[in-house]
Every structure is written in structure tokens, then in C-alpha cells.
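Trainee: Just dropping this structure here.
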């Protein structure tokens, strides 16, 4: 059995969808699965752009053979060597031992580290190198740290297809769709694109900006953006490009507040609920609230990439920061979250420590502005605590309105 779709008359999507995988990179939840995209191009030479994960290996290999329709595979372009896109590389080489492999110098070294059987047919390419395969020319552009150091992207001058590696990718199974205009972007796909970007590429904003510059230099010659996960873009490129521009500059998309709280017995949660209620009454209706113990950090990172303001409320635990909150704040730091306005509330029965630890981490991040004084609750919020939260909510709301 095979399942392929045309991108153009001579370019075929030969990937597949994995709806059984629960965690991407064994970290990020996949409630709707994920696609592994690969593409076959037919010209005087045949070209395969990247391979696929072994989870869909049997279907992928059947798809490649179906697209080739009896022809040999001449060229394999490895834009990204991460195993979810390269673990079937050995099988491709075994089936077509004369295939010529094109990749970056670092990818060639990594192939040896992963024990891929590449024979002597590997050709290292660099920025602007070209490969003629018949009626078209492929041009290679390096894209290091988007999101591994060996990454490159490939542009086809005939079709206008940019094979963009992990850039512009998305979590989620395609489920019969292929193009971005075939899915409901506002109904969840854009949220998954943000979650994918924030957690996979989010640390490397400057490198993403460099890639966006290369994409801009190609101008209107780009007709398709073909990522390794998620839908192919064939129109309205500005939609995804504008998102990537904001995300990679760490600029919020929305003026609103994401509230993340860590609570043991409901007291800190109560403070978070009061804060949210006061914000809404002050006219800030775009408020999102999350229990850090229940919400996977992958989703929390997506939310802070979206919103302009962050409220962190946490208990003290073992004379330190509540472990799930520590994991979240440290992940924000690791992914270079910046340019946000922050409110902090700590709770503790005898020796509150949460605020100092959170501010210690946030102070090492870029352009994180505290819009209120830190608040300390001793166990259950009393009337004074509630009044302080109401006052802080007013200040926070005003900051959101002025953003």
C-alpha cells in the first residue's frame, strides 16, 4: 500500500503520519500525532528530499517506490539529519546503493556518528552551492541551529519549492490534508505551529532571523514552502512568515496575560483565580490560566510566546521553588524568552523563598520587566493579601492596555 500526494506535477509528498506517538522527542505531547514529510522530485534525475522516522518506515518506503514508478533514485538531499528525518537513510542506501547524497559538512560527520551506511557517495555542500538535475537547478542554503547545527534548506528554481527542513513545521497529523489552505489554521493548527516553534526552534531566534532573510531574498520566486512536519504552504506565505518574524524576535502576538500558578492545597490557586477575575473586570479579557502541575511545559512555553504579560504565582517547596514551577521558569530561560512584562506572587507558611528564586532566573533573561512589586502570601490569603492582589491586578491591567 502507498499514500502519496502531488505538490506539483513532478514533486510528490511521500511522507506519512504517526497518530500513535505520544511524545515528540520523548518530551512534547502529541494529542493529534505528527507528520513526517519527505518529497520525491522527478526530472532527468530523481531526487528524494530527506527520509522519515522508522515509525512510518514501511509506508514511507512504499511511497518512495510508488513515486519513482520503476525509476532508480539518483539523489538524496539531506536537509536535516535528526533521526525522525533520517532513521530510514540506511534502507534507502541499501535499496539504491548508487544514490548520491548531498548534505552539509557537519551532517556528513553526524552520519558517521549515527552509523549510517553512506558508502562513498556523500557530497558536502555549502551556502549557495548548486546542483543541476535536468530542467531545474537546486540551490542549497545553510540554516544552522534551525534547530540543529547541520541544517540546510534547498530551493528548486523550476517549481519555486523551498524545502525548509524543520522551519515552518507544525505538530499534528495531516489526516489527508497536505496544504495549509486545506486545514483550519485558526482552529488549532496555528497554535500547534507556535508550540512547535517555541519548543523546537525557540532558543534560536537570531538564526531564524537569518533564514527569514534568505527567504526574503528569494522574493516572489518562492511558490511553495515544504517543511518536514505539518502542512505545505502554497499561498499566503505572509501568515506564517509574520508569525516566525515575531516569534524569532521574541515579540508577543497578543496583549494579554498568561497566569501560571503552582499550588499545593489550593491557596495559591485561589490567589490566581482572584487575579484573573480582577483582570477581566478591568477589561483585560484575554487571560489564560494554567496549573503548572497539570499542564505540560510544552504548552506553557507556547503561551508565553503568544502573550505580552506573564503572572507567576508559586508556593515555596523544600525551602526552594515548587519543582514544576522551577522547571517551567528554567525552560523559559533556556528558550530565551524575553521582552515580557512579569508579575510575581509567592506563598509560604514559614519561610517564603519562591519569589527570590524566580526573580533570580528571570533577571538573567533579556528585557523582562516587573510591572508590580512582588507579593508574598503567608499560607491562606487574608483580606490584606486579597487587597494587594486586587491592587496589583489594576496595575497589571493598565500595563496590558498601554502595551
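Each reported figure results from applying straightforward, stated rules to the coordinates on display, with no laboratory input. The structure displayed is predicted, hence computed values, not measured ones. Cβ coordinates were reconstructed from backbone atoms using ideal geometry, including for glycine residues, and neighbour counts include every protein chain displayed.
Trainee: What FRET efficiency, computed as 1/(1 + (r/R0)^6) with R0 = 35 Å and r the Cβ-Cβ distance, is obtained for residue 338 and residue 235, rounded to the nearest 0.05?
Mentor: Calculated transfer efficiency: 0.65.
Trainee: Calculated from DSSP H runs of 4 or more alone, at -39500 (n - 2.57) each and per residue, what is the 222 nm mean residue ellipticity of the chain, nearest 500?
Mentor: One gets -10000 deg cm²/dmol as the mean residue ellipticity at 222 nm.
Trainee: So what are the radius of gyration and Dmax for the Cα set of region 5-249, in Å?
Mentor: In order Rg, Dmax, the Cα atoms of region 5-249 give 16.4, 47 Å.
Trainee: Modelling each spin label as a point 7 Å along the Cα-to-Cβ direction, I'd like the residue 135/residue 2 distance in nm, to one decimal.
Mentor: That separation, rounded to one decimal, is 2.0 nm.
Trainee: Further question: Please give, to one decimal in nm, the separation of the simple spin-label points placed at residue 124 and residue 265, each 7 Å out from Cα toward the Cβ.
Mentor: Computed distance between label sites residue 124 and residue 265 equals 6.2 nm.
Trainee: Using a 10 Å cut-off on Cβ atoms, rank the peptides 348-357, 258-267 from the highest mean neighbour count down.
Mentor: Result, highest mean Cβ count within 10 Å first: 258-267, 348-357.
Trainee: Semi-axes, largest first, in whole Å: what does sqrt of 5 times each Cα gyration tensor eigenvalue give for region 286-403?
Mentor: Details: eigenvalues 85, 70, 33 Å².
Over the Cα atoms of region 286-403, the semi-axes work out to 21, 19, 13 Å.
Trainee: Now a separate question. For region 203-286, what ratio Rg/Rh do Cα atoms give with a Kirkwood hydrodynamic radius? Numbers along the way, then the final one.
Mentor: Details: Rg = 19.5 Å, Rh = 16.3 Å.
Ratio of gyration radius to Kirkwood radius for region 203-286: 1.19.
Trainee: With a bin width of 10 angstrom, please list the P(r) values of region 101-140 as percents of all Cα-Cα pairs, from the 0 bin to the one holding the largest distance.
Mentor: Taking all Cα pairs of region 101-140, the binned fractions are 28, 46, 24, 2 percent.
Trainee: Output the 0 to 90 degree angle, nearest 10, between the alpha-carbon long axis of helix 323-334 and the longest principal axis computed from the alpha carbons of the chain.
Mentor: Between the helix axis and the principal axis of the chain, the angle is about 50 degrees.
Trainee: Also, quick follow-up: With everything on Cα atoms, drop me the angle between helix 237-249 and the longest principal axis of the chain, reported from 0 to 90° to the nearest 10.
Mentor: 50
Trainee: Rounded to the nearest 0.05, what FRET efficiency do residue 98 and residue 254 have when you use their Cβ-Cβ distance and R0 = 45 Å?
Mentor: Details: r = 52 Å, r/R0 = 1.17.
E(calc), rounded to 0.05, equals 0.30.
Trainee: Let me ask another. With everything on Cα atoms, drop me the angle between helix 297-306 and the longest principal axis of the chain, reported from 0 to 90° to the nearest 10.
Mentor: Helix 297-306 sits at roughly 80 degrees to that axis.
Trainee: Here's another thing I want to ask about it. Determine the distance separating the Cα centre of region 325-403 from the Cα centre of region 1-68; give it in Å without decimals.
Mentor: 44
Trainee: Now for a different question. If eta is 0.890 mPa s and T is 25 °C, what Stokes-Einstein diffusion coefficient results for region 65-153, Kirkwood Rh from Cα pairs, in µm²/s?
Mentor: Estimated diffusion coefficient is 181 µm²/s.
Trainee: To the nearest Å, what is the center-to-center distance of region 277-294 and region 178-219, using C-alpha atoms only?
Mentor: Between the Cα centres of region 277-294 and region 178-219 lies a distance of 27 Å.
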